[in-house]
């Protein structure tokens, strides 16, 4: 009888030990995931504040982790850049989707410009940060090219009439509707959002509607 209780006690202790170890591992994993997300969030926050190319040290300080902890999660800044893109890609792509896509061509064109202008305003620093680092990372070059293709396809969805334009006019439409054009109007020429929308809309109408 005594040996039975000893055996039962040993099993109980073993089960408790395994349970405690499991909780410890889960706790470490959760802390690691929180630290990793804090680093990504910190980098994105710095970019939104206008620090387009934050250093590892600056990101670590903002995230509240040590520089060694930073490099345990991310071996270099490119891996951090990939993690940032994975976290925000769905969000920034959705900004360009939807909207009222029915009605006369003039209405659809106006709605498209308004949609793009609002999206560009929200992701301006992300796009600028990408441009600042694009020469360095192939991943960013591929993302940039993919996004350009996506915007072109989306414009065709807004305005099927574009497919019948001469090649030079169709290419001009992409240039006028681009972030680069929008950024020039807003940042370098100091125009308001309303004025920028009016200019882009007018230029696009001249390309799409004029014979």
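Taking a ≥ b ≥ c as the square roots of the eigenvalues of the Cα gyration tensor of the chain, is the shape rounded (a/c under 1.5), prolate (a/b larger than b/c) or oblate?
prolate
Please determine, in degrees from 0 to 90 and to the nearest 10, the orientation of helix 105-133 with respect to the longest principal axis defined by the Cα atoms of the chain, where the helix direction is its Cα long axis.
The two axes meet at around 50 degrees.
What per residue convex hull volume, in Å³, comes out for the range 95-208 when only alpha-carbon positions are used?
Expressed per residue, the convex hull around the Cα atoms of the range 95-208 is 105 Å³.
What ranking, highest mean first, results for peptides 116-122, 45-51 when packing means the other Cβ atoms within 10 Å averaged over each residue?
With the highest mean Cβ count within 10 Å placed first, the list reads 116-122, 45-51.
With runs of 4+ DSSP H residues as the only contributors, calculate the mean residue ellipticity of the chain at 222 nm using -39,500 (n - 2.57) per run, divided by the residue total and rounded to the nearest 500.
-26000 deg cm²/dmol
Computed from the coordinates by the stated procedures, all read-outs in this text should not be read as laboratory data. These numbers come from a predicted model, not from an experiment. Neighbour counts run over all protein chains shown; Cβ positions are idealised from the backbone, glycine included.
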